[in-house]
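A short worksheet on the structure shown next.
The values are calculated or read from the model by the stated rules, or taken from the named source; none is laboratory data. Please read these numbers as outputs of a predicted model, since none were measured by experiment. Here the Cβ is made from the backbone with ideal geometry for all residues, glycine too, and neighbour counts use every protein chain on show. Note: accessible area is taken over every heavy atom of the protein model, side chains too, but ligands, DNA and RNA are not part of it. Shrake-Rupley method; radii C 1.70, N 1.55, O 1.52, S 1.80 Å.
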Amino acid sequence: MKYRELAFRNFTTVFTLIILLTPKTALAQNPLIIDQFTADPTARVFNGKLYVFPSHDIVPPKGEGRAEWFNMADYHVFSSENLTDWTDHGKILDQKDVPWGDPTAYSMWGPDAVSKNGKYYFYFPTRIKGAANGEKGFSIGVAIADKPEGPYKPQPNHIHGVEGIDPNVFIDNDGQAYLYWSRGEIFGAKLNDNMLELASEIKTFEEIPQKGHIEGPFVFERNGIYYMTYPHVANNTERIEYGVSDNPMGPFTHRGVVMDESASGTWTNHHSIVSYKDQWYLFYHDNDLSPDFDKNRSIRADSLFFEDNGNIKKVVPTKRGVGVTSSNSEIQIDRYSAKSNYGAAAVFLDRLDPFQGWKMVINKPDAWVRYNRVVFGKEGPKEVKLKARSLTGGTVVLKLAGEDQKEISRVAIQKGGNWNVFSAPVEKEVEGIQDLIVQLKEGDGVEVDWVKFN
Ligand code: FUB
């Protein structure tokens, strides 16, 4: 092989490796991740950053996995400092690398991760080698790392005595760790200091509803109250409920519902609750990127608030999600905070490729969409750009929400079938954090992919 050819080959190999190994960053509203399916998110704060450990729904290779069911072969971890920019740190564990697990099970279900004594412990369920289908064949394993992003090394064996799925580890203020999991009911036990073995009898939380499927426990503490939260099918599909106690091992008294059944009809929900930079959040999932098949899910986050007596206020799912959005980024108004109840809808850019995301279709005069928490710099924007298209042409007005709904710009969208970027000057001073309104003023309809200020 000639020197130049060899040099080129080496260059492309190194370049490909760099691309593969560089963590991918993306901007997000809800769902948080749109280039792959994700479910069962456990959010944890490590070293001042928020990490999310979800499971990873996939469509398995032909002839593998289980048709019309959950299929998961590995786990990724994601992190964010501002809850807007998310980094995918890549794969942290594969079913093929679990010594005790069935490498063909596609059953890497809801995980958790905690930190103790400078190490990171990743808890995950999977089917034991040689076990039959069903939750009975599952156990929970641990993989250990020096950093939240891994690499994680799985232990040779699963945790002795544990049969089931959906591990959750809670470490109390005195350092004692507890493991909770489910298998039709919710179970819990103390963990040894090494975080790898049970250190007490297994308790079944019988006070938690016995009727209707129950799974996915998540325990946390706030102001001396221990909260046991869990998805439960009280009616048709899972909703997130909770009980409280003065002891991490219960008994828990039922207090209410954290999140109602999903409007989309997605049968599962699975969540975690975390406090980050003085705000509480609920991480959960729905089927945003797969409206016709609810076993390909997508993780979401919304703010969570407490009543003065410690009760959790019900969380209403939003598309807007959490975090602020820079006015200089492509503002995805299809992830709106609110919209008129006529003439405005978010639809996929390409129905055959949901990973491309959504567009906003506004097709009635005065129909509008509001996108909250856009951050403008001190200088203020001079120009606004819209990626849009319109078969008939139209005028889009941009306003700031507030009492006088100040109009800041008018953008003419020329008639034509192709996507184009249209711009117009911003006529008013704009600074600080603003809620933006995008409204159709003239024309029969426009489609907007994003809005951006310069
Ligand atoms: O993701 C597979 C299973 O679906 C989880 O383990 C359950 O909690 C439910 O979300």
For region 309-454, what does the alpha-carbon gyration tensor say about shape, rounded, prolate or oblate, given a ≥ b ≥ c as the root eigenvalues, a/c under 1.5 as rounded, and a/b over b/c as prolate?
-> oblate
Charge dipole of the chain about the Cα centre (unit charges at C-beta), most positive-ward option of G256, S390, A73 | S390
Per-residue accessible area for R373 at 1.4 Å probe radius, Å² rounded to 10?
-> 70
Normalised by the number of residues in region 2-304, what is the relative contact order in percent for Cα pairs under 8 Å and 6+ residues apart?
-> 15
Cα Rg, Dmax, region 360-421, angstrom units | 13.0, 37
Write out the chymotrypsin sites (Phe, Trp or Tyr not before Pro) in region 297-355 meeting two conditions: DSSP loop, and at most 14 other Cβ atoms within 10 Å of their Cβ.
-> F305, Y342
A 1.4 Å probe over the protein heavy atoms gives the chain a carbon and sulfur accessible-area percentage of 49
Give me the accessible area of K49, 1.4 Å probe, in Å² rounded to the nearest 10.
-> 50
Checked region 215-358 with the C-alpha gyration tensor, a ≥ b ≥ c its square-rooted eigenvalues, rounded below a/c of 1.5, otherwise prolate if a/b is larger than b/c and oblate if not; verdict prolate
Just the accessible area per residue of region 164-280, please: how many Å² with a 1.4 Å probe?
-> 40
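Taking N as the number of residues in the chain, what is its alpha-carbon radius of gyration divided by 2.2 N^0.38 Å?
Details: Rg = 24.0 Å, N = 454, 2.2 N^0.38 = 22.5 Å.
In units of the globular-protein estimate, the chain measures up at 1.07.
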Report T318's accessible area, 1.4 Å probe, all protein chains in place, as a number in Å² to the nearest 10.
-> 50
For region 74-208, just say rounded, prolate or oblate: build the C-alpha gyration tensor, square-root its eigenvalues into a ≥ b ≥ c, call rounded for a/c under 1.5, and beyond that prolate if a/b exceeds b/c, oblate if not.
-> oblate
Nearest-ten-degree value, helix 3-21 long axis tilted from longest Cα axis of the chain = 80
Can you quote the Å³ per residue value for the convex hull of the Cα atoms in region 225-296, rounded to an integer?
-> 108
Residue-normalised value, i.e. accessible area per residue, for region 325-453 at 1.4 Å probe, in Å², stands at 49
